[in-house]
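Structure record follows, encoded as structure tokens.
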Amino acid sequence: MVELLPVLLFDGVCNLCNVSVDFVIRNEARPMFFFASLQSDFSQNLLKKHEEPTELNSLIVWDGNQFIYASDAALYLAKHLKSPYKYLYHLRWFPRFIRDAVYYFIARNRYSIFGKKESCRIPTEKEKSRFLG
């Protein structure tokens, strides 16, 4: 399996997650992220290969060395965005238990708040080279 890095693993049927992927693509300081839905074979194989749970309720970044979860993953993304969004990275100074409590509240309720698609996001022709699996 070719591993292009970093990879953002996201829930492909979650409206919030798909909007977030679109936001990252539009606001990256420079194109650097690859994307894969958690439902894809790529993501499932990557998680199994590294003995990580495959039923996850989180945004995940794989940087080639480690999986970054929840609010840490969101902050990792923010760090690599254009201004003013990159300044969200300073939220890392809040204790993780507070950040993750907010993150997991939204994650648990994302379908009821933001809705759910019937199938995973389909990348545009321009985006295809950045989507794995």
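A few comments on the model shown:
- Share of carbon and sulfur in the accessible heavy-atom surface of the range 38-133 [1.4 Å probe, %]: 56 percent
- The length gained on full extension between HIS50 and VAL19, counted as 0.36 nm times the residue separation minus their Cα-Cα distance, comes to 8.4 nm.
- Under a 5 Å amide H cut-off, with hydrogens placed 1.01 Å from N, PHE34 pairs with VAL7, LEU8 among residues at least 5 apart or on other chains.
- Each Cα pair under 8 Å and six or more residues apart adds its separation to the average, and for the chain the resulting relative contact order is 35 percent.
- Amide hydrogen proximity for CYS14: with H placed 1.01 Å from N in the peptide plane, the residues at 5 or more positions away or on another chain lying under 5 Å are LYS117.
- Per-residue ellipticity at 222 nm computed for the chain from its helices equals -12000 deg cm²/dmol, with DSSP H segments shorter than 4 residues left out and the rest contributing -39,500 (n - 2.57).
- Candidate aspartates and glutamates for bridging to LYS79, where Cα separation is under 13 Å - those fewer than 8 sequence places away on the same chain excluded: GLU28
- Note on ILE98 and ILE113: the extension gain reaches 3.3 nm, defined as 0.36 nm multiplied by sequence separation minus the Cα-Cα distance.
- For the range 84-133: rounded, prolate or oblate by the Cα gyration tensor [a/c cutoff 1.5]: oblate
The values are calculated or read from the model by the stated rules, or taken from the named source; none is laboratory data. Computed from a prediction, not measured in an experiment: that's the story for all the values here. For accessibility, only protein heavy atoms count, side chains too; no ligands or nucleic acids. Shrake-Rupley method; radii C 1.70, N 1.55, O 1.52, S 1.80 Å.
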